[in-house]
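This report refers to the structure that appears directly beneath it.
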Amino acid sequence: MKITMPLCPPKPKVLLMAADEKSKFVYHLTKKGIDLVPVLVEIGLWGSLYNPPGLDQPLIEQLQRDKAGTISRIQERLMAKLNEVQHASNEKE
C-alpha cells in the first residue's frame, strides 16, 4: 500500500467507502484535522520505515531537511483550503 500526503489536497472533502460498499463516510476538513498533521506525518514516516515505499519520496526528503517548516506549510495550505470552502459556503447562504 502506498501512502501519499500531498502538500495541498485537491478537495477538502473525502468520501470513504467501506469494503461492503454499503457504508459511506464523508470526511470534511476541519481545524481539528489540520492540527493532527504533525501526528499523521510522524505515523507516515514510521510507516515508511516498515512498509516501503510509504510516503512519497519528495515529501520524505522535505521532512528530513526541514520537518517543522514542511509541517507548517502543509497546515497553512490546508487552512487556506478550509477558509476557501467556508467562504464559498457562506456565499451560498
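The values are calculated or read from the model by the stated rules, or taken from the named source; none is laboratory data. Fair warning: this is a prediction, and the values are worked out from it, not measured in the lab. Ligands, DNA and RNA are stripped out before the accessible areas are found, and what is left, the full protein with its side chains, is counted by its heavy atoms. Shrake-Rupley method; radii C 1.70, N 1.55, O 1.52, S 1.80 Å.
The order of 73, 65 by accessible area, most exposed first and with a 1.4 Å probe, is 65, 73.
Of the residues 43, 60, the one with the largest accessible area comes first in the ranking 43, 60, computed with a 1.4 Å probe on protein heavy atoms.
Largest first, the three principal axis extents of the alpha carbons in the range 27-77 are 29, 23, 13 Å in whole numbers.
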